[in-house]
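What follows is one structure encoded as structure tokens, with my remarks underneath.
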Amino acid sequence: MPATNCQIVFFWRVILFLLILLPRIIFPNDWKTDTLQVLSGDSVIVLSHRYILPSSIELKYITSDTLQFDSLKIDALTGRISRFIPPPNKVGIIASYQFLNLNIPTQKIINPPPRIYLPRRPDKNEEEIKVSSSKLKTSTNYDFLKSGTLYRGVTIGSESGLSLKSGLNLELQGKISEDISIIGTLTDQNIPIQPEGNTQTLDEIDKVFIKIKMPNEQITLGDYELSLPAGKLGSYHRKLQGIYGESDRKFGKTAIGGAVTKGQYYSNFFNGEEGNQGPYQLCGKDGETAIIVLAGTEKIWINGKALSRGENADYVIDYSTGEVTFNPKQLITSESRITVDFQYSNFVYTKNIWLAKNSTSFFNEKLQLSAGFINESDDRENPIELQISKSDKLRLKSAGDNEMAALQSTIQEDSSGVYILEDSILVFAGIGKGTHSAVFYNVGKQGQYKKKYAADYVFFEWVDKSDPSVSQSEKEEAVYLPAKPLKLPKKQQLYHVSGILKPTENFSILSEFAISDYDRNTFSSYDDLDNRGNAINVETSFSTPMSRIGKLSFSGKFREEGERFNPIDRHQVVEYRRKWDLPSDSTQGEKCYEGSIKYNLKDALLCGIEGGAFSQGDIHSERYKVGGTLNCKLFEKNEFYQERITRTDG
């Protein structure tokens, strides 16, 4: 029955009464009278209690004269009354007021403006103290900066009762000893919010880390971005969460770390659409679009040119949906070749990472040697949102590297379902007329159900592929099963060694060798014989001066990758596919020779010729490029070249 106007008015009166009465019941008000002595020159009065009710304050002199306090400023939280006109002589004041008798700690916020830590320089007028070498230095006065927020709060609800909340956000910077400094951001909050991708620099509110610096070592704990250069085959760039340490000693440089990735690395390549600025949807390794791109991990190129993020730059990105939109400054056409590298999370597995690298040099750094190891593995025992039962693990163990061999049934009993289960086959019975329900997935040729459309709903129908009377088109449409393919936990390892010989400033040789181990299913030992592959890369360069302002340089490259080699990060130029006119970005099984001759005239003119040959299976490609760059006052960064690429298949 609808409420009448009188009932509505009565309801709101009750609510208003409770709002006024409830605080007084929970926190009863007490009266207090203070007799204060105000000295000559005092402009602030401090009452004996906090949490004052400003409307209840009465001030008067001991002489019974009422004190006018219209111009006074009352701080109810601390009980301070300021802007008091200083009396010429000592006077007595009587203050009567009501206060809340609560014992809540005051809120403490320390948030000075950030500043860069610089060691304190002694003043010119300071006396120099000379300490003899026999005495120990015991001073511990170091410039250590702390800023942040510490808060506490009380929440009262009609149904939830009373609850206390507190939080800490702290930033540290400075020295804790003579040789050790620290930089860090700490918080006890877990903020699942990513910054917006419409600015050039990101304010990562969830980044928590501590970095400890020592004379020869540096340790980072928490969130950090790792950039580990190691030639062409072993470079590694990730956004990680864990621990990472570096040491720089006489015998060499060492780096070691253990971390968990917030996402996995992948690269998308696609052509733009004429006049369509976006949004363009990014997808994961398995073609899934329900992904979250990790903020700040994306790198975008168009036709080999790197772009910058921001509303006033080239593009903006929605990290929560994985969509990229290009600004009018960067017009998109059908000739736009778009490449996007990024890290993303698909909520299946987290990745555990272990890495180590050591490099050393000999003969005044004329010979440099390095070796490294990187391990990325899905945490199969602790999936994020995937539920794996014992029977599912048995399927995964017997599946080998075939993801479609590990299927998890989605058939469930449902009194209001749409299917009836007959001899393990789902038969459509009608909306709400069945006994079972299921979710169907596209599994390709293994499918046994086809999708059918009714007036206002969609259902799936079983197809007997062994029946010769069933048409071939119907069999091709049957690509669905009431089963979900289980994501296989993967592990990828890379072993890398390299050496650089540079006997003179004008001559150098780089050689590197890498072995990859890619296990597509860590639950299973089947199909593991094809996990390993190797690659080799050799580069040499030589330059000689031709005059005081000119220099002639030569370079040569050879690279070969096995058919089972799996790089762990991007190791080729962005336009590598176009460079050799390849059908895909895969470099497995390739063999490549390249060479170039260039002449540099005081950086004003750079011209030369380069060429090479490429082979990968039945694909053979040859290319050459002749041209240069003119850079002077009249012609600034003008490029001219002619390029020819010839590819044959078979």
Checklist entry - Just a yes or no: is a residue in the stretch 467-479 buried (at least 16 other Cβ atoms within 10 Å of the Cβ), among the charged types (D, E, K, R) and within 30 Å of Arg564 (Cα to Cα)? => result no
Next on the checklist: in contact with a Lys or Arg (Cβ under 9 Å, 6 or more places away or on another chain) and either among the charged types (D, E, K, R) or assigned to a strand (DSSP E or B) (or both): is that true of Asp401 in this structure?
Outcome noted: yes
Checklist entry - Just to be sure, is Asn506 polar (S, T, N, Q) and touching a residue at least 40 places away in the same chain (Cβ under 8 Å)? => result no
Checklist entry - For the stretch 424-438, what are the residues that are outside any loop (DSSP other than H, G, I, E, B), under 15 Å from Val458 (Cβ atoms) and among the aliphatic types (A, V, I, L, M)? => result Leu426
Next on the checklist: Val463 - would you say it is among the hydrophobic types (A, V, I, L, M, F, W, C), within 28 Å of Glu288 (Cα to Cα) and at pLDDT 90 or above?
Outcome noted: yes
Checklist entry - Would you call Phe347 touching an Asp or Glu at 6+ places or on another chain (Cβ under 8 Å), modelled with pLDDT under 85 and either under 30 Å from Gly231 (Cα atoms) or open to solvent by 60 Å² or more (accessible area, probe 1.4 Å) (or both)? => result yes
Checklist entry - Hey, any hits in the stretch 483-497 for a residue that's closer than 20 Å to Tyr419 by Cα, touching a residue at least 12 places away in the same chain (Cβ under 8 Å), within 41 Å of the chain's Cα centre (by Cα) and surrounded by 13 or more Cβ atoms within 10 Å (Cβ to Cβ)? => result yes
Checklist entry - What is the number of the single condition among (1) within 14 Å of Val340 (Cα to Cα); (2) open to solvent by less than 40 Å² (accessible area, probe 1.4 Å); (3) not hydrophobic (A, V, I, L, M, F, W, C) that Lys285 does not meet? => result (2)
Item to check | the stretch 631-645: number of residues that are open to solvent by 100 Å² or more (accessible area, probe 1.4 Å) and in a strand (DSSP E or B) | outcome: 5
Checklist outcome for this item: Those residues of the stretch 469-506 that are in a loop (DSSP other than H, G, I, E, B) and not β-branched (Val, Ile, Thr) come to a total of 11
Next on the checklist: Every residue in the stretch 611-650 that is farther than 22 Å from Leu601 by Cβ, of a type in the set (A, V, I, L, M, F, W, C) and in contact (Cβ under 8 Å) with a residue 24 or more places away in the chain, please.
Outcome noted: Phe614, Ile619, Ile645
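Listed here are the residues, each with its yes/no results for (1) open to solvent by less than 60 Å² (accessible area, probe 1.4 Å); (2) in contact (Cβ under 8 Å) with a residue 24 or more places away in the chain; (3) over 11 Å from Leu486 (Cβ atoms).
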residue	(1), (2), (3)
Phe362	no, no, yes
Lys366	no, yes, yes
Glu376	yes, yes, yes
Asn382	no, yes, yes
Asp392	yes, yes, no
Ala405	yes, no, no
Checklist entry - So which residues in the stretch 435-446 are open to solvent by less than 80 Å² (accessible area, probe 1.4 Å) and modelled with pLDDT under 90? => result Tyr441, Val443, Gly444
Item to check | Single unsatisfied condition, Pro503 versus (1) under 30 Å from Ala230 (Cα atoms); (2) in contact with a helix residue (DSSP H, G or I) (Cβ under 8 Å, 6 or more places away or on another chain); (3) open to solvent by 50 Å² or more (accessible area, probe 1.4 Å) | outcome: (2)
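The values are calculated or read from the model by the stated rules, or taken from the named source; none is laboratory data. Just so it is clear, the model here is predicted, and its values are computed rather than measured. Counting neighbours? That spans all protein chains shown, and the Cβs are built from the backbone with ideal geometry, glycine included. All accessible areas refer to the heavy atoms of the entire protein, side chains included, with ligands and DNA or RNA removed. Shrake-Rupley method; radii C 1.70, N 1.55, O 1.52, S 1.80 Å.
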